[in-house]
Amino acid sequence: MAFFSSSFNHWIVMLPLLLANSILVASAGNFYQDFDITWGDGRGKILNNGEVLTLSLDKASGSGFQSKNEYLFGLIDMELKLVPGNSAGTVTAYYLSSKGSTWDEIDFEFLGNLSGDPYILHTNVFSQGKGNREQQFYLWFDPTTDFHTYSVLWNPDNIIFSVDGTPIRKFKNLESIGVPFPKNQAMRIYSSLWNADDWATRGGLVKTDWTQAPFTASYRNFNANACIWSSGASSCGSTSPSSSSSANAWLTQELDSASQEKLTWVQKNYMIYNYCTDLKRFAQGLPLECSIASQS
Ligand SMILES: *[C@@H]1O[C@H](CO)[C@@H](O)[C@H](O)[C@H]1NC(C)=O
């Protein structure tokens with residue numbers, strides 16, 4: 001449990017409040033409580049007393065939802081089951097974002113494909129309105145047959161993207177060499193399912209087959225060990241009733257050597273695009289952070 005001053009320079013661990021907080025959020029992990037369906041005219045649905053959320057897309061519209069809370073740092077897990085079958089042209093975006101022209105953003109985007117062809121998991125990090133930090137991956141499983149957990153660890157030192165507990169990407173705080181890092185703007189969680197057949201599948205070559213509509217993606221088991229931002233202050237706790245103060249270890253968490261090895265394995269075997277090696281695109285020079293080996 002940490003409370004941040006508004007400048008985030010100091011935080012004080014306050015155990016009694018953590019306990020109070022845990023009690024307050026004991027009924028969480030429920031989509032009614034944590035999210036609002038924000039668009040799609042009935043195409044987004046919360047089902048099973050709040051245990052499951054589904055988004056759908058047809059020719060007329062996609063759909064989307066957003067978190068009720070804004071977060072400033074967190075370890076945020078969501079299970080997703082992506083659009084099955086011929087999902088070419090569809091994109092399921094799941095991301096955190098702040099507002100305004102110098103926004104911060106942490107993105108997962110799932111680009112659909114023809115039946116049997118691999119989805120692409122596209123990731124990006126924006127700080128102060130600037131992104132251009134794409135890394136793309138294939139997955140080592142079919143993301144449409146079962147739910148899998150997609151996590152963001154966002155603390156003052158790192159942003160780590162993970163899939164089923166395996167880290168796939170790390171964006172380190174490199175403010176020391178002049179790279180802005182998302183740490184001053186609270187973000188909401190957003191997700192949407194939409195048609196992007198102008199670019200998503202094989203660069204736009206494969207179009208959405210509307211005879212397969214509606215397309216549906218499902219969500220369950222949202223869990224946030226996070227700092228919730230409210231009226232200029234941040235309070236950190238967990239939506240999970242079973243967690244204790246050790247649940248806040250994520251605030252200073254780094255990759256241990258086993259996790260680092262997994263990250264290397266994914267990047268070696270499943271990464272299909274890395275902006276940090278795209279010399280053609282960055283002919284004028286790679287982004288600053290790409291000079292640090294541990295970044296990619
Ligand atoms: C779709 O499948 C093709 C052919 O296997 C592959 O090149 C592409 O990366 C896959 N994913 C997307 C989203 O285009």
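Any idea what the relative contact order of segment 157-245 is, in percent, if you count C-alpha pairs under 8 Å spaced at least 6 apart? Provide the component values of the computation, followed by the final result.
On the way: 63 pairs, mean separation 10.8, N = 89.
Relative contact order comes out at 12 percent.
Averaging over all projection directions, find the projected area of the Cα convex hull of segment 159-240 and quote it in nm² with one decimal place. List each step's numbers first, then the result.
Values: hull surface 37.2 nm².
With the hull built on Cα positions only, its mean projection is 9.3 nm².
Going down the table (183/280; 45/99; 68/99; 130/172; 130/183), which pairs top 19 Å between alpha carbons? Show your work: numbers first, answer last.
Numbers: 183/280 31 Å; 45/99 25 Å; 68/99 14 Å; 130/172 16 Å; 130/183 14 Å.
Check vs 19 Å cut-off fails for 183/280; 45/99.
Would you kindly calculate the mean projected area, averaged across all directions, of the convex hull enclosing the Cα atoms of segment 147-194, in square nanometres? Write down the numbers at each step before the final one.
On the way: hull surface 18.8 nm².
So the mean shadow area of the Cα hull is 4.7 nm².
How far apart, in nm, are the 7 Å Cα→Cβ label points at residue 221 and residue 38?
Placing both labels 7 Å beyond Cα along the Cβ direction yields 2.6 nm.
If packing is taken as the mean number of other Cβ atoms within 10 Å per residue, what is the order of 132-145, 74-87, highest first? Please report the intermediate quantities before stating the final value.
Values: 132-145: 16.6, 74-87: 21.4.
Averaged packing, sorted descending, gives the order 74-87, 132-145.
If r is the Cβ-Cβ distance from residue 68 to residue 286 and R0 is 45 Å, what FRET efficiency results, to the nearest 0.05?
On the way: r = 39 Å, r/R0 = 0.87.
Computed FRET efficiency for residue 68 and residue 286: 0.70.
Once Rh is set to the Kirkwood radius over Cα pairs, what Stokes-Einstein translational diffusion coefficient, in µm²/s, holds for the chain at a temperature of 37 °C and a viscosity of 0.692 mPa s?
On the way: Rh = 19.8 Å.
Once the numbers are plugged in, D ends up at 166 µm²/s.
When the label point is put 7 Å from the Cα of residue 166 along its Cα-to-beta-carbon vector, which residues of segment 82-124 have a backbone N closer than 16 Å?
The answer is 118-122.
In nm, to one decimal, how far is the modelled label at residue 274 from the one at residue 176, with both set 7 Å along Cα→Cβ?
2.1 nm
Given the options 185, 159, 147, identify the residue whose Cα lies farthest towards the positive end of the charge dipole of segment 140-188 (+1 on Cβ of Lys, Arg; -1 on Cβ of Asp, Glu).
Towards the positive end, the residue furthest out is 185.
With +1 assigned to the C-beta of every Lys and Arg and -1 to the C-beta of every Asp and Glu, and no other charges, what is the dipole magnitude of the chain about the Cα centre in debye, to the nearest 20?
Numbers: 20 positive and 27 negative charges, 67 e Å.
Value, rounded to 20: 320 debye.
If packing is taken as the average number of other Cβ atoms within 10 Å across a peptide's residues, how do 169-179, 108-118 rank, most packed first? Working shown, then result.
On the way: 169-179: 16.2, 108-118: 18.6.
Ranking, from highest mean packing down: 108-118, 169-179.
For segment 149-296, what are the per-bin percents of Cα-Cα distances with bins 5 Å wide, up to the bin holding the maximum?
Computed distribution, short to long bins: 2, 7, 12, 16, 17, 17, 13, 10, 6, 1, 0.
How big is the Rg/Rh ratio for segment 47-151, C-alpha atoms only, Rh by Kirkwood, two decimals? Please report the intermediate quantities before stating the final value.
Numbers: Rg = 14.7 Å, Rh = 15.3 Å.
A ratio of 0.97.
Every read-out reported here was derived from the displayed coordinates using simple, explicitly stated rules and does not represent laboratory data. Please read all numbers here as calculations on a predicted model, not as lab measurements. Heads up, the Cβs are rebuilt from the backbone with ideal geometry, glycines too, and the neighbour counts pull from every protein chain shown.
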